[in-house]
Amino acid sequence: MSTAYVTCPLCEATCGLAVTLDGATVTEVRGDPDDAFSHGFICPKGASLKALHEDPDRLRRPMVKRDGAWCEASWDEAFAEIHRRLVPLVSEHGPESVAFYLGNPSSHNLGVTLYGRAFYKAVGTHNIYTAGSVDQLPKHYSSGYLFGDPLSIPVPDLDRTEHLLLLGANPLVSNGSLMTVPDAKGRLKAIRSRGGKVVVIDPKRTRTAEAADEHHAIRPGTDALLLFALLRTILHEGLAHLGRLSEHVNGFDELAALAAPFTPQAVAPLTGISATDTTRMARELAGAERAAVYGRIGTTTQEFGTLTSWLVDVLNVVTGNLDREGGAMFPLAAAGQTNSQARQGSSPPKAWRHGRWHSRVRGLPEVMGELPVATLADEILTPGAGQVRALFVVGGNPCLSTPNAQRLGEAVQTLDLMVSLDVYLNETSQHADVILPGPTPLERDHYDVTFTQLSVRNMANWSPAVLATDQPQEWQTMLRLAGIAAGQGPDADVDALDDLMAAQTAAHYQLDPSVAGARRGPARLLDIMLRGGPHDLTLADLEAAPHGVDLGPLAPRVPEVLRTPSGRIELAPEPVTRDVPRLAAALERGPSGSEHLVLIGRRQLSSNNSWMHNLAPLVRGSNTCTAQVHPDDAERLGLRHGDDAVVRSRAGSVTVPVEVTGAVRPGVVSIPHGWGHSGGDTRLRVASAHAGVNTNVLADDLFVDALSGTAALNGIPVTVEPVRREEPSWTG
Ligand SMILES: Nc1nc2c(c(=O)[nH]1)N[C@H]1C(S)=C(S)[C@@H](COP(=O)(O)OP(=O)(O)OC[C@H]3O[C@@H](n4cnc5c(=O)[nH]c(N)nc54)[C@H](O)[C@@H]3O)O[C@H]1N2
Ligand SMILES: Nc1nc2c(c(=O)[nH]1)N[C@H]1C(S)=C(S)[C@@H](COP(=O)(O)OP(=O)(O)OC[C@H]3O[C@@H](n4cnc5c(=O)[nH]c(N)nc54)[C@H](O)[C@@H]3O)O[C@H]1N2
Ligand code: SF4
Ligand SMILES: [Mo]
């Protein structure tokens, strides 16, 4: 028997887990009580790493479709097939005919994070799509303009704040996002125990709302109005105090005019939150000793996602809470964070900007090098130069997770080539020609390069693979694919390419690659990055600390963290404020009729987006796919608890069981995403028995945040009507 300590890579919380082994068999996965950050916290998903590892449906060998039927193939055969089909396609139609969709697990995977870009770059296409455009892209957009780096995202200093205003987030279920925080529940409780206050803005009385001091059931999509009203009140009542930030801010004087129309009285009929409550919230926020405003999925994947994301940080700035203890702060990660590296190139730095290119069909702007996935189907289906003919899906399930999913599902079937890097034969990968499976989290080295950059405490934790595997690691797969794209054929020298990656990484940090000794792969790159990072660590330091290295609480970083040409925070950047008139127009239109229902999403503790429903421990009990409606709406529409209803939007319709609950506000329907395991050509025996419906059939690909093109997955107009049971027929 032995115990290994790993960081869970399934969500952003980065919990430390203790994996007990009997030889090569996992006997138990528990929270690691000695973990320097998570102190033993674990959720049902982390506990199911054993079930994931042992799932008989999980792919262990490449799959190649021949004459419409799946065959297991050797790795050499699979790469040869990709080579045979990709190379002529690119030489005939050019690199733009290839698209990538990078899903959520690709950002939780060290090998893919560090090596994927070798492949994407070698192809050289602008058709890059990620789960970011159904998630946090508006936050990158606003941060890019506010702070000069789209990855400079302030996180609430949860352990020291006295007042947390939380919008469109349910960390008690999601375990936090754009805020790396194991045990959000304990940390929110601690705010209240030390006399602080937690206020939740959410159309649903979520677990987080229940654990808060105050909950306001906002009408979906109206957060920008609410935040503007808070801003206006603070400015109007002279409550703004920039404090130390005043010498680091531009644009403060423009805010009052922008906020002018959005009085608490004017926005109240739209937000559904009274002017009295709004005014009081503003005063309490401004008056709190240390406060932080934080918004998540409910604020980014909505019609005014970028304005809302921007206003969150504007409020943090004008209340003097940005970059101060207990406010919203910038983490300082040990490795890979661009805003802690020496400025490259010109001085002063060039302004960050979006829209350097646009999507071919709808003209939607690039943000951070990617195009909105809401238009991927258009790019596949619309003929002409630059039409997408090949798609590589890297750890993603866009046929369940992106808007107008049915249309995308139809579109991918018209591709000349589709390759999925995936561990399951699921709703998306079933349409692929080749599937390349990666090893499980227990079979790969891990360090969370991405989410340590968003951590509420500066942390570093290295997890070597617990179990051996004869499958290639995904970084090796990426390099072989890069070799194909770079014209080196299907058998590129992976070691040589890895040396090249190490040399490039070392050059970036002005180090010699030999500093990492005999290490190879991600361990070598990470060692170089740690050495070049701000905490003066080496991988050996982390190897000596299996429970993680605590680098302390967040510390103020302004102005050093800023990358704007002015060297200041740009509070009123035009590429953001240009959308204010659209919001003002919405205010003028006033509230829509109360008969109007809107759809929102919800996360469930035992789900992980779309892909863990094949694990029996996670589909027990209440983890089911239902449409939650308020009792008043149920009564009005003749909906009965447990009966099926048809939910319709412009994009499509689904039939789903109704759950009548007072937890959602009237006028709102809530359906979780990630369900709809419909069978087809998939190999998901457990998930198929708990299929549910795909709510993204309802999500509208034309309904996007105007600035960033991010899908508005919340606030979608729908109708709901009961499915009448057939009356028994007496005529026989
Ligand atoms: N309506 C609605 N839709 C939403 C959301 C919502 O709130 N409402 N949320 C959105 C958000 S925030 C996100 S992030 C997206 C997620 O959207 P996606 O990233 O497209 O979907 P996932 O369900 O995360 O799919 C992950 C895929 O990766 C595979 N996978 C798992 N582990 C590995 C691995 O180690 N290697 C490889 N190569 N593959 C692996 C899984 O089998 C699965 O196919 O969904 C979005 N969709
Ligand atoms: N258990 C579990 N954990 C997860 C995931 C999962 O699928 N399951 N997914 C992971 C991923 S990829 C992400 S990005 C994070 C997301 O992390 P969170 O954003 O914390 O997750 P959600 O539970 O979707 O919370 C969004 C909340 O916004 C509310 N909402 C909807 N529309 C609006 C609106 O217009 N305004 C406001 N103010 N609120 C609104 C919803 O009711 C919901 O409570 O979770 C991660 N963690
Ligand atoms: S909260 Fe996230 S990181 Fe922690 S055990 Fe659960 S899935 Fe893993
Ligand atoms: Mo996400």
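Could you say which residue among Pro44, Pro9 is within 22 Å of the chain's Cα centre (by Cα), within 14 Å of ligand 1 (Cβ to nearest atom) and not assigned by TED's automatic domain parsing to the domain that holds Pro105?
None of the others qualify; the one that does is Pro9.
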Response to the item:
Quick count over region 154-173, residues being crowded, with 24+ Cβ neighbours inside 10 Å and either within 14 Å of ligand 4 (Cβ to nearest atom) or at pLDDT below 95 (or both), is 4
Discussion item. So, in region 601-632, how many residues would count as being hydroxyl-bearing (Ser, Thr, Tyr), under 17 Å from Thr695 (Cβ atoms) and more than 16 Å from ligand 3 (Cβ to nearest atom)?
Written reply: 2
Item to complete: Being among the hydrophobic types (A, V, I, L, M, F, W, C), open to solvent by 60 Å² or more (accessible area, probe 1.4 Å) and under 30 Å from Met418 (Cα atoms) narrows it down to one of Ala486, Ala482, Ala544, so name that one.
Response: Ala486
Worksheet item: Could you say whether any residue in region 454-471 is within 16 Å of ligand 4 (Cβ to nearest atom), surrounded by 22 or more Cβ atoms within 10 Å (Cβ to Cβ) and in contact (Cβ under 8 Å) with a residue 60 or more places away in the chain?
Response: yes
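Every residue, every condition in (1) within 15 Å of ligand 1 (Cβ to nearest atom); (2) outside the structural domain of Ser670 (by TED's automatic domain parsing); (3) more than 26 Å from Glu570 (Cα to Cα), yes or no:
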{"residue": "Ser142", "(1), (2), (3)": "no, yes, no"}
{"residue": "Leu146", "(1), (2), (3)": "no, yes, no"}
{"residue": "Asp157", "(1), (2), (3)": "no, yes, no"}
{"residue": "Arg160", "(1), (2), (3)": "no, yes, yes"}
{"residue": "Leu164", "(1), (2), (3)": "no, yes, no"}
{"residue": "Gly168", "(1), (2), (3)": "yes, yes, no"}
{"residue": "Val173", "(1), (2), (3)": "yes, yes, yes"}
{"residue": "Met179", "(1), (2), (3)": "yes, yes, no"}
Discussion item. When you check Lys50 against the structure, is it within 16 Å of ligand 4 (Cβ to nearest atom), outside the structural domain of Asp422 (by TED's automatic domain parsing) and of a type in the set (Lys, Arg), yes or no?
Written reply: no
Worksheet, complete the sentence: Residues of region 252-288 being within 31 Å of the chain's Cα centre (by Cα) and farther than 16 Å from Ala217 by Cα, in sequence order, are Phe252, Leu255, Leu258, Ala259, Phe262, Ala282, Glu284, Leu285, Ala286, Ala288
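Each row is one residue, and each column tells you yes or no for (1) open to solvent by 10 Å² or more (accessible area, probe 1.4 Å); (2) in contact (Cβ under 8 Å) with a residue 12 or more places away in the chain; (3) closer than 23 Å to Val704 by Cα.
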{"site": "Pro581", "(1), (2), (3)": "yes, no, yes"}
{"site": "Ala586", "(1), (2), (3)": "yes, yes, yes"}
{"site": "His596", "(1), (2), (3)": "yes, yes, yes"}
{"site": "Asn609", "(1), (2), (3)": "yes, yes, yes"}
{"site": "Leu637", "(1), (2), (3)": "yes, yes, no"}
{"site": "Asp644", "(1), (2), (3)": "yes, yes, no"}
{"site": "Thr655", "(1), (2), (3)": "yes, yes, no"}
{"site": "Thr661", "(1), (2), (3)": "yes, yes, no"}
{"site": "Ser670", "(1), (2), (3)": "no, yes, yes"}
Practice prompt. Within region 27-72, track down each residue that is among the charged types (D, E, K, R), over 27 Å from Ser420 (Cα atoms) and crowded, with 20+ Cβ neighbours inside 10 Å.
Written response: Asp32, Asp35
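For region 403-434, what are the residues that are β-branched (Val, Ile, Thr) and either open to solvent by 10 Å² or more (accessible area, probe 1.4 Å) or under 15 Å from Ser106 (Cβ atoms) (or both)?
Selection gives Thr414, Val419, Val423, Thr428.
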Discussion item. Going through Pro437, Pro349 one at a time, which residue ends up being surrounded by fewer than 22 Cβ atoms within 10 Å (Cβ to Cβ) and more than 20 Å from Val90 (Cα to Cα)?
Written reply: Pro349
Practice prompt. Within region 147-159, identify whether any single residue is in contact with a Pro (Cβ under 9 Å, 6 or more places away or on another chain), touching a residue at least 12 places away in the same chain (Cβ under 8 Å) and outside any loop (DSSP other than H, G, I, E, B), and answer yes or no.
Written response: yes
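Filter the strands (runs of 3 or more DSSP E) completely within region 377-474 down to those with at least 2 residues that are closer than 16 Å to Thr682 by Cα and among the aliphatic types (A, V, I, L, M).
417-421, 434-436
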Practice prompt. Would you check if Pro138 is touching a Gly at 6+ places or on another chain (Cβ under 6 Å), touching a residue at least 12 places away in the same chain (Cβ under 8 Å) and within 16 Å of ligand 1 (Cβ to nearest atom)?
Written response: yes
Worksheet item: Filtering region 174-186 down to residues that are crowded, with 19+ Cβ neighbours inside 10 Å and outside any loop (DSSP other than H, G, I, E, B), which residue is farthest from ligand 4 (Cβ to nearest atom)?
Response: Ala184
Worksheet entry | Entirely in region 531-590, the helices (runs of 4 or more DSSP H) that have 2 or more residues that are more than 30 Å from Leu311 (Cα to Cα) | 539-543
Worksheet item: Does at least one position in region 511-525 carry a residue that is open to solvent by less than 50 Å² (accessible area, probe 1.4 Å) and of a type in the set (Asp, Glu)?
Response: no
Response to the item:
Reported set for region 607-663 where residues are at negative phi and within 16 Å of ligand 4 (Cβ to nearest atom) is Ser607, Asn608, Ser610, Trp611, Met612
Worksheet, complete the sentence: Given the conditions (1) within 16 Å of ligand 4 (Cβ to nearest atom); (2) buried (at least 23 other Cβ atoms within 10 Å of the Cβ); (3) part of a helix (DSSP H, G or I), every one holds for Thr113 apart from (2)
Fill in: Asp135 open to solvent by less than 10 Å² (accessible area, probe 1.4 Å), acidic (Asp, Glu) and out of contact with any His (no Cβ under 9 Å at 6 or more places or on another chain)
no
Practice prompt. For residues that are within 16 Å of ligand 4 (Cβ to nearest atom) and open to solvent by 10 Å² or more (accessible area, probe 1.4 Å), scanning just region 367-395, find the one that is farthest from Gly355 (Cα to Cα).
Written response: Gly395
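The values are calculated or read from the model by the stated rules, or taken from the named source; none is laboratory data. If you're wondering where the values come from, they're calculated on a predicted model, not measured in any experiment. As a convention, Cβ positions derive from the backbone with ideal geometry for all residues, glycine included, and neighbour counts pool all protein chains shown. When the accessible area is computed, the model is the full protein with side chains, heavy atoms only, and any ligands, DNA or RNA have been set aside. Shrake-Rupley method; radii C 1.70, N 1.55, O 1.52, S 1.80 Å.
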